[in-house]
Amino acid sequence: MQNAHRKVVIVTGASSGIGEAVALEMAAAGHAVVLGARRTDRLSDVVRRIGVAGGTARAWRLDVTDPADFASAVAATLEEFGTVDVIVNNAGVMPLSALAALKTAEWNTMVDVNIKGVLNGIAAVLPVMQANGSGHIINIASIGAHQVYLTAAVYCATKFAVRAISDGLRQETDWLRVTVISPGTVTSELAESITDATARAAMAEFRKITIGPEAIARAVRYAIDQPPDVDVSEIVVRPTASPH
């Protein structure tokens, strides 16, 4: 687990799926990992597994929609590890439905988590990275950031926004690395938040072909492993057999 290029990496939505896989991959690469999510029992289990494998990890209860939560998580990270080198803004929700279903509360939740959550993460770490003169912000988007799918208008809009925010941030500095990773269908709990029966049935069909979250974790590791003067701006990772 010794790594001369050890980084301190914050991962949001780290209690399951892609976030959990990223945390495990980062720890296996020798980085110190700070896991954030609301389900602290799940986080504790991931931290335990990383520790058993010889890695370094800490957990922090984090609601990405709450800027104060992010500020506390970053403060705790600085107190223990002295810096933040990378953040992986992974937390997201996907309660799909047709616009005509008028599930406005779910629209707002997607905006709050998928867009504001990313902005809160950026705001929390950017001053630290500015002081260091280096850093890496990795935002998990979706193939829905490249194409709009039926019943996914709002979800896709939030992921288009993640791409726009990321590219805008990248253009603002000559020292910050910014990466967008857009997964295709991945085995995860994401679709479980769909309450609309029609959209849920369509998504079950859509997700008949998936890849494991480890594939996305490897993409994150690839982006981080590049030399400081190389910015992997965007990666799309999808199942080979998927038509989407």
Residue 78 and residue 49 label points (each 7 Å along its Cα→Cβ direction) are spaced in nm at 3.2 nm
When the chain is treated as a Gaussian network with springs between alpha carbons less than 10 Å apart, the largest mean-square fluctuation among 180, 154, 230 is found at 230
Rounded to the nearest 10 degrees, the helix 197-206 long axis (Cα) sits at an angle to the longest Cα principal axis of the chain of 60 degrees
Classified through the alpha carbon gyration tensor (a ≥ b ≥ c as square roots of its eigenvalues; rounded if a/c is under 1.5, else prolate when a/b is larger than b/c, else oblate), the stretch 3-93 comes out oblate
Residue span residue 233 to residue 102: 0.36 nm per residue of separation minus Cα-Cα distance leaves a gain in nm of 43.6 nm
Extension length gain for residue 222 and residue 28 (0.36 nm per residue less Cα distance), in nm, is 68.5 nm
In degrees rounded to 10, the 0-90 angle between helix 153-172 Cα long axis and the longest Cα principal axis of the chain is 30 degrees
Taking Cα atoms, the helix 117-132 axis meets the longest principal axis of the chain at an angle in degrees (rounded to 10) of 20 degrees
Once both label points are put 7 Å beyond Cα along the C-beta direction, the residue 241-residue 134 separation in nm becomes 4.3 nm
Expressed in angstrom and rounded, the centroid-to-centroid distance over alpha carbons for the stretch 94-145 and the stretch 1-61 is 20 Å
Square roots of five times the C-alpha gyration tensor eigenvalues of the stretch 8-237, ordered largest first and given in whole Å, equal 27, 19, 17
Once residue 191 and residue 111 are pulled to full extension, the length gained, defined as 0.36 nm per residue separation minus their Cα-Cα distance, is 27.1 nm
In deg cm²/dmol, rounded to the nearest 500, the helical mean residue ellipticity at 222 nm of the chain, built from -39500 (n - 2.57) for every DSSP H run of length 4 or more, is -14000 deg cm²/dmol
Placing each pseudo-label 7 Å from Cα in the direction of the beta carbon, residue 214 and residue 147 end up separated by a distance in nanometres of 2.7 nm
Placing one equal point scatterer on each C-alpha of the stretch 21-151 and summing with Debye, one gets log10 I(q)/I(0) at q = 0.10 Å⁻¹ equal to -0.37
Normalised per residue, the volume inside the convex hull of the alpha-carbon atoms of the stretch 100-200 in Å³ amounts to 105 Å³
Counting all Cα-Cα pairs in the stretch 163-213, those more than 12 Å apart amount in percent to 71 percent
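Each value in this text was obtained by applying a stated rule to the coordinates, not by laboratory testing. All of these numbers come straight from a predicted model, not from anything done at the bench. With ideal geometry, Cβ positions are generated from the backbone for all residues, glycine too; neighbour counts draw on all protein chains shown.
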